[in-house]
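Trainee: Just passing along the structure, written as structure tokens.
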Amino acid sequence: MASNYVQDGDIIDWANGGAAVNSGDPVVIGSNSDALIGIALVDIANGATGAVALEGVWEVPKVSAAVIATGEYVMWDASAAAFDDNAATPAAGDVSDGAIAWESAGAGVTTIKIKLIGKPGVLA
């Protein structure tokens with residue numbers, strides 16, 4: 001193996017500069033027009049650093065009214081603290097195009113499996 005290899009890159013140490021985060025919560029990393037969506041692997045208090053997954057398939061909260069098809073890009077809706085379909089209009093703090101739907105989910109469903117794709121999404 002090359003001597004400059006560091007790690008696989010699917011997990012990042014993230015310094016929390018805001019409200020406490022629970023293990024399993026979605027996390028937005030970055031504050032400019034591009035941001036990563038991750039899932040906290042541990043509880044991370046304000047001011048603490050913890051592991052966040054940037055890839056993989058996760059079951060997460062979904063906006064109940066959203067109708068989402070398998071393979072569709074989904075948007076992290078910060079105000080709803082849930083994922084929404086790609087037709088929703090982004091508002092401040094929302095991240096578009098950072099994950100895709102791993103399954104279909106219709107109106108009334110409150111969770112969905114998504115795949116984090118490890119690429120920056122668009123932060124509104």
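The values are calculated or read from the model by the stated rules, or taken from the named source; none is laboratory data. Please read all numbers here as calculations on a predicted model, not as lab measurements. Glycine also receives a Cβ, built like all others from the backbone with ideal geometry; neighbour counts cover every protein chain displayed.
Trainee: Could you tell me how many of the residues in region 102-124 are touching a Phe, Trp or Tyr at 6+ places or on another chain (Cβ under 8 Å) and either at pLDDT below 95 or surrounded by 21 or more Cβ atoms within 10 Å (Cβ to Cβ) (or both)?
Mentor: Matching residues across region 102-124 total 4.
Trainee: Looking only at residues that are touching a Phe, Trp or Tyr at 6+ places or on another chain (Cβ under 8 Å) and farther than 13 Å from Gly118 by Cα in region 41-65, which one is surrounded by the fewest Cβ atoms within 10 Å (Cβ to Cβ)?
Mentor: Among those that are touching a Phe, Trp or Tyr at 6+ places or on another chain (Cβ under 8 Å) and farther than 13 Å from Gly118 by Cα, it is Thr49.
Trainee: So which of Gly24, Gly38, Gly17, Gly56 ends up being assigned to a loop (DSSP other than H, G, I, E, B) and under 11 Å from the mean Cα position of the chain (by Cα)?
Mentor: The match here is Gly24.
Trainee: Go through region 89-101 and give me each residue that's surrounded by 14 or more Cβ atoms within 10 Å (Cβ to Cβ) and among the hydroxyl-bearing types (Ser, Thr, Tyr).
Mentor: Matches in region 89-101: Ser96 only.
Trainee: Would you mind finding the one in Asn86, Asn32 that is surrounded by 15 or more Cβ atoms within 10 Å (Cβ to Cβ), modelled with pLDDT under 95 and more than 10 Å from the chain's Cα centre (by Cα)?
Mentor: Exactly one of Asn86, Asn32 is surrounded by 15 or more Cβ atoms within 10 Å (Cβ to Cβ), modelled with pLDDT under 95 and more than 10 Å from the chain's Cα centre (by Cα), namely Asn86.
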